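Below you'll find the structure, written out as structure tokens, and then a few comments.
The values are calculated or read from the model by the stated rules, or taken from the named source; none is laboratory data. The shown structure was predicted, so the numbers you read here are calculated from the model rather than taken from an experiment. Reconstructed Cβ throughout: ideal geometry from the backbone, glycine too, with neighbour counts over all protein chains shown. We work out accessible area using only protein heavy atoms, side chains counted, and drop any ligands, DNA or RNA first. Shrake-Rupley method; radii C 1.70, N 1.55, O 1.52, S 1.80 Å.
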Amino acid sequence: MSDLYCVFGNPIKHSRSPFIHTLFAEQTGEVLRYEARLAPLDDFQGVWDDFVAEGGLGANVTVPFKLDALQLADVLSARAQRAQAVNTLTCGKNGKVYADTTDGVGLVRDLTSLNAPLVGARILVLGAGGAVRGVLEPLLAMGPEAIFVANRTASKARELAANFEDLGKVSGGGFEASDVQAGGFDLVINGTSASLAGELPPLPDTLFSAHGFAYDMMYGAEPTVFMRWAEPRAAATADGLGMLVEQAAESFFLWRNIRPDTASVREALRHSLLEKK
Ligand code: NDP
């Protein structure tokens with residue numbers, strides 16, 4: 001029997017993770033199965049216990065189980081502890097459950113490969129949910145001039161920024177905050193789920209600097225609402241497909257201790273999304 005991994009979510013049918021991990025396994029010659037598993041909203045612990053009893057070795061966790069995964073873990077990595085966010089679970093040989101977050105590494109690797117401004121950049125991060133919690137530490141490690149976190153619920157952005165103040169210049173507030181309205185950002189990362197509903201946070205026309213880069217963590221066959229809004233205002237735009245592949249590669253590395261090539265998988269995923277259009 002091959003080694004078993006999966007992604008838990010609800011809903012889960014849309015997940016591209018099995019596609020990505022199957023390509024990683026083929027490419028690296030690792031013998032494993034990676035499945036998408038629907039978990040009931042009220043019993044994550046139950047499906048996790050069944051998975052472990054079946055011999056499952058590790059799992060990704062997506063909406064809405066990220067908090068359940070955090071609570072279920074016996075050992076948190078330093079970055080998951082700081083972010084209070086988890087997307088990867090690993091079963092230790094000692095029976096313990098290890099938890100980590102790979103979203104931030106994934107985002108920064110993708111931004112780096114896209115040559116997005118990071119070092120010395122003025123960065124605006126929109127949203128203060130699970131995804132944003134996981135990306136602030138690696139973004140700050142790139143040495144930006146400053147990061148502003150703007151969220152619909154301003155208090156959440158302020159609290160989140162305060163948790164990372166010791167790592168660099170980071171502050172938070174609402175979309176109407178003077179920092180946001182002043183604009184001139186070199187990089188704006190949309191980490192809200194507004195795009196899912198086809199909505200856009202209220203943003204000024206002057207949001208970007210002359211070489212400003214717009215990045216949406218969401219992805220799809222078509223440019224997102226945020227990308228379409230940014231197109232005439234920013235120098236470059238990108239969606240979060242590369243982040244998805246890079247965070248998956250980091251999970252794969254945690255489980256198998258081997259780094260897959262991401263460029264070919266990113267291309268294959270883009271191709272498959274366009275085919276399904
Ligand atoms: P959460 O549910 O944890 O957070 C959602 C955030 O979006 C909150 O800050 C919320 O604000 C804000 N929001 C929701 N609706 C609106 C709206 N209509 N207008 C303005 N703000 C809004 O979600 P996640 O952090 O897990 O995910 C956020 C996005 O990132 C999703 O689009 C997800 O698909 C994407 N993502 C992509 C990944 C990738 O690999 N590419 C990985 C992980 C996530 P409030 O606090 O006020 O409710």
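Structural remarks
- Residue in region 149-158 that is of a type outside the set (Lys, Arg) and away from the ligand (no atom under 14 Å from the Cβ) present: no
- Filter pass, ALA248 being assigned to a helix (DSSP H, G or I) and surrounded by 17 or more Cβ atoms within 10 Å (Cβ to Cβ): yes
- All of SER77, SER15 fail the test of being within 16 Å of the ligand (Cβ to nearest atom), within 23 Å of the chain's Cα centre (by Cα) and hydroxyl-bearing (Ser, Thr, Tyr), apart from SER15.
- For the criterion of being buried (at least 24 other Cβ atoms within 10 Å of the Cβ), polar (S, T, N, Q) and out of contact with any Asp or Glu (no Cβ under 6 Å at 6 or more places or on another chain), THR90 fails.
- Helices (runs of 4 or more DSSP H) lying entirely in region 120-202 (those with 3 or more residues that are open to solvent by less than 30 Å² (accessible area, probe 1.4 Å)): 130-141, 154-163
- Answer residue from region 203-238, given it is surrounded by fewer than 24 Cβ atoms within 10 Å (Cβ to Cβ) and under 12 Å from the mean Cα position of the chain (by Cα) and is nearest to the ligand (Cβ to nearest atom) among those: MET218
- Residue match in region 183-196 (condition: in contact (Cβ under 8 Å) with a residue 24 or more places away in the chain, away from the ligand (no atom under 12 Å from the Cβ) and not assigned by TED's automatic domain parsing to the domain that holds ALA131): no
- Filter result for ALA116 (of a type in the set (A, V, I, L, M) and within 20 Å of GLY242 (Cβ to Cβ)): yes
- Residues in region 106-119 that are touching a Gly at 6+ places or on another chain (Cβ under 9 Å), open to solvent by 10 Å² or more (accessible area, probe 1.4 Å) and not in a loop (DSSP other than H, G, I, E, B): ARG109, SER113.
- Some residue of region 38-55 being within 23 Å of LEU274 (Cα to Cα), surrounded by 16 or more Cβ atoms within 10 Å (Cβ to Cβ) and without any contact (Cβ under 8 Å) to a residue 40 or more places away in the chain: no
- In summary, helices (runs of 4 or more DSSP H) completely within region 1-92 and bearing 3 or more residues that are under 30 Å from ASP166 (Cβ atoms) occur at 66-72, 78-83.
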